[in-house]
Amino acid sequence: MKEFDLIIAEKPKAAEKIARALSNGKYKVYKNGNFKFYEFDNYRVVAAIGHLFKLDTKNKVWNYPTFEAYWFPSSKEVKKYISIFKNVCENCRNVIIATDYDIEGDVIGYNILRFLLKRNNAFRAKFSALTESEIKKAFSNLMKSLDFGQVYAGLTRHYLDFFWGINLTRALTRITNNGRIISCGRVQTPTLNLILERENEIRNFVPKDFWVIKALLDKNGEKFSAEYIEGRIFEKEKAFNIYEECKKAKEVVIESIETKKIKIKPLPPFDLTSLQSEAYKFFRFSPSKTLKIAEELYLDGYITYPRTSSQKMPVGINLKEILNSLIRIREYYEYVSKILRKKELRFIEGKKEDPAHPAIIPTGKIPFKLKNEQEKIYDLIARRFMNCFYDDLIIVEQKIIFKINDHKFISVGKSIVNNGWSEVYEKKIRENLIPKIDYNDKIFLIDIKILKDSTKPPKRYNLSELVKTMESLKLGTKATRAEIIETLFRRNFISGKKTIEITKMGETLISVLKQIVPIITSVEMTRKFEEYMEGIMNGKIEMEKVLNEAKKIIVNVIEEIENRKEEIRKNFNKALTH
């Protein structure tokens, strides 16, 4: 049998695209049941279908604490797939890992190397788009080794999540003994705590009455409004005194006029969190749905890799070439023409960086027969990309301060003088058109009103806000946040469509844990371990040291739970029967 170099992709679609690009379309396809692989020249391309292995214990007895963890095939179907995989990959000469270039992609590749191919290293292909040019460039510049910082950070995450989940879930489920699985997770539990904290803020909120005073003014028959400059007035007597004094006013005096131009720069290209946020705002797509659609578009070669936290344009990609492709799409012709007429092609970028991948942008491959939801996400990404090359949105703001019986009122007029990037990417700017006013103009008071209102409680999180809050607190990763929220829904800890509410089950879990072992609901502890994993990735801390610290915390937590198990059982069962 001839020798061959083995290329391992993460998904079947990616395997086919790699084979097509590297062989210029001259490859053979072989099938064995659900298993498909590709051959050309001295190469064989196979797909991993995601994680082939997962952590589990050999002993199925619910003992705890336990730190026994072995890698097993992730399902019965995968076990069959692995058997064929091993046969197809036997006798390979060199191995090239071409899974997604991120932590999980490296874990997938490394586990295949050590468990199926009995190797400890391989060449690594790094690309951010499944286009022919990007794939060829990646394979012309192969890395000579896996990024072991990413590998060990990824393995650490798997072990941490497994140890946390299995031990706390076993302990709480056995102690409560009410026929329910009481699930706990390293990131899941602090996230649920965030939702409960917001719920408690809403419940404990005490509204305060306030008053606002609004004046209706007139300049040569043009009416406009002004508001008392302090805004909300919380003292009723003060509010009504001002109102009564202003009612008697004979004239309105112009105290100051300030006119300025406000330039609003284009929005940066998407990272995953901002894409999820905007897709929720425009289409009400959940974060997990947006990620799923974005991954489909990536695998079809239409956009760059979506699991990124970067807002930087890709280095080495010809952006003008992408624009010249987008101009062929009828809806974008006018926008791209405007960009290409510029003397110099300048673009905006954001501050956020990701060492592995650039921002999410179109690749230039023209989409064909997209489903409706795919079309929406592609259009959002394309418009956000085009907006980066546009001029600033310019607003003229006129701020006028009036005196009515020595009380100051303010009127702010806003008008758009240059739509700039908002032509291509929707931005709702509320214009407030007021007459142009000079110091010698006569202004008359037509009417004055006092309006009572009260302060409002904070709003519950929606899906978009929760993902953004998790990111700001370093809870989870760009790739896992959406799945963590979905898990909370699946386990009946949270509910709701437009806004997220904590269920009785979720509230009971967090209330009991905060009382007994507050450390496991703590954002700070979870964030600390995220920082440790960054340290592992950068070679500053060893995996074993991080795992040992986690084990100590888990042992202490289990001891505390055992010491107060009667209290936990009583509180849980009482709450869940009411």
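The values are calculated or read from the model by the stated rules, or taken from the named source; none is laboratory data. Since the structure is predicted, the reported quantities are computational estimates derived from the model, not experimental observations. We place every Cβ from the backbone using ideal geometry, glycine too, and count neighbours over all the protein chains shown.
Tabulated values for the structure
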quantity: Residue within segment 317-326 that is in contact with a Phe, Trp or Tyr (Cβ under 8 Å, 6 or more places away or on another chain), surrounded by fewer than 16 Cβ atoms within 10 Å (Cβ to Cβ) and not small (Gly, Ala, Ser) present; calculated: no
quantity: Residue match in segment 213-228 (condition: in a loop (DSSP other than H, G, I, E, B) and either aliphatic (A, V, I, L, M) or surrounded by 21 or more Cβ atoms within 10 Å (Cβ to Cβ) (or both)); calculated: no
quantity: Criterion: at pLDDT 90 or above and not assigned by TED's automatic domain parsing to the domain that holds LEU172 - qualifying residue of LYS60, LYS76, LYS28; calculated: LYS28
quantity: Pairs, first over 21 Å from ASN220 (Cα atoms) in segment 422-436, second modelled with pLDDT under 85, C-beta under 9 Å, six or more apart; calculated: SER422/LYS428; SER422/ILE429
quantity: Filtered residue count, segment 231-246, keeping only those that are exposed (fewer than 15 other Cβ atoms within 10 Å of the Cβ) and within 14 Å of ILE410 (Cβ to Cβ); calculated: 2
quantity: Output for segment 70-80, where each listed residue is surrounded by 16 or more Cβ atoms within 10 Å (Cβ to Cβ) and part of a loop (DSSP other than H, G, I, E, B); calculated: SER74
quantity: Single unsatisfied condition, SER310 versus (1) hydroxyl-bearing (Ser, Thr, Tyr); (2) part of a loop (DSSP other than H, G, I, E, B); (3) touching a residue at least 60 places away in the same chain (Cβ under 8 Å); calculated: (3)
quantity: Answer from LYS528, LYS514, LYS551, LYS574 - the residue that is part of a helix (DSSP H, G or I), modelled with pLDDT of 95 or more and not hydrophobic (A, V, I, L, M, F, W, C); calculated: LYS551
quantity: Scan of segment 531-544 for residues that are assigned to a helix (DSSP H, G or I) and either of a type in the set (Asp, Glu) or surrounded by fewer than 13 Cβ atoms within 10 Å (Cβ to Cβ) (or both), ordered by number; calculated: GLU531, GLU534, GLU544
quantity: Pairs where the first residue, in segment 212-229, is free of Cβ contacts under 8 Å to residues at least 60 places away in the same chain and on the phi < 0 side of the Ramachandran plot and the second is surrounded by 16 or more Cβ atoms within 10 Å (Cβ to Cβ) and of a type in the set (S, T, N, Q), C-beta under 9 Å, 6+ apart; calculated: none
quantity: Subset of segment 246-279 (residues that are under 11 Å from the mean Cα position of the chain (by Cα) and of a type outside the set (Val, Ile, Thr)); calculated: PHE270, ASP271, LEU272, SER274, LEU275, GLN276, SER277, GLU278, ALA279
quantity: Count - residues of segment 468-496 that are without any contact (Cβ under 8 Å) to a residue 40 or more places away in the chain and either part of a helix (DSSP H, G or I) or closer than 19 Å to LYS292 by Cα (or both); calculated: 3
quantity: Scope segment 8-64; condition outside any strand (DSSP E or B), small (Gly, Ala, Ser) and either touching a helix residue (DSSP H, G or I) at 6+ places or on another chain (Cβ under 8 Å) or surrounded by fewer than 18 Cβ atoms within 10 Å (Cβ to Cβ) (or both); matching residues; calculated: ALA14, ALA21, SER23, GLY25, GLY33, ALA48, GLY50
quantity: Among (1) among the small types (Gly, Ala, Ser); (2) at pLDDT below 95; (3) under 30 Å from PHE385 (Cα atoms), the one test that ALA279 misses; calculated: (2)
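Every residue, every condition in (1) more than 20 Å from ALA125 (Cα to Cα); (2) not in a helix (DSSP H, G or I), yes or no:
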position: ILE262; (1), (2): yes, yes
position: LEU267; (1), (2): yes, yes
position: GLN276; (1), (2): yes, no
position: PHE282; (1), (2): yes, no
position: VAL315; (1), (2): no, yes
